[in-house]
Amino acid sequence: MHHLLDLLLTPLRASQEVLCRHVRQRYQDAAQDLDSDEVTALREALQDPPADDYPPGWWLDPHLSRWWLCLHVDWKASDEVHWQAQAIARTLGLDVDAVGPPPAPDAPMLDALAEASAHLHALGYALLYLDTDSDEYLAVPVRHDLLRQARDTAERLNLPTFLI
């Protein structure tokens, strides 16, 4: 899993080494938790929600959420896809406005995921969905030139992947 994490952090290495250290440390801390599997540890490392309080719009305030490097939504929470795609773009230093407008509030989940994937694809990233064998969607942004390597790494970890 360390190799997959390194691939995900590749675009940040030169400009945001401190952030990379925080993410790696969070992964190590989560991986040491006896109740945590490697995928959960990865997910925990790639998200930075506020520690205690969740004020309205916290995900839009870079001081409350220092990074967001995965899309993690319940199967019916299509309303959460857009802001997470924007947060991913912001963390990667991409044009947040290029993520486009949010889908309709009642948009089907696969439509919302496809739209987010298309916007990030246009910005040079694929959303690589990791099959967690649960009712959630977990996807990580992978630069196009690293996609094959990331899929091969996930395969070696017996972690099925797919693209939307």
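Is it true that ALA150 is of a type in the set (Gly, Ala, Ser), within 17 Å of HIS72 (Cα to Cα) and in contact with a strand residue (DSSP E or B) (Cβ under 9 Å, 6 or more places away or on another chain)?
Answer is no for this residue.
Quick one: what pairs do we get from segment 127-145, first residue on the phi > 0 side of the Ramachandran plot, second crowded, with 24+ Cβ neighbours inside 10 Å and at pLDDT below 95, C-beta under 7 Å, 6+ apart or different chains?
none
Which of (1) in contact (Cβ under 8 Å) with a residue 24 or more places away in the chain; (2) touching an Asp or Glu at 6+ places or on another chain (Cβ under 9 Å); (3) part of a loop (DSSP other than H, G, I, E, B); (4) not polar (S, T, N, Q) does LEU94 not meet, given it meets every other one?
Every condition holds for LEU94 apart from (2).
Do you know which of the residues in segment 17-48 that are surrounded by fewer than 20 Cβ atoms within 10 Å (Cβ to Cβ) and touching a residue at least 24 places away in the same chain (Cβ under 8 Å) is farthest from the chain's Cα centre (by Cα)?
Once the filter is applied, the top-ranked residue is ALA31.
The values are calculated or read from the model by the stated rules, or taken from the named source; none is laboratory data. Every value quoted in this text rests on a predicted model; they were computed, and no experiment measured them. When we count neighbours, we look across all protein chains shown, and the Cβ atoms used for this are built from the backbone with ideal geometry, even at glycine.
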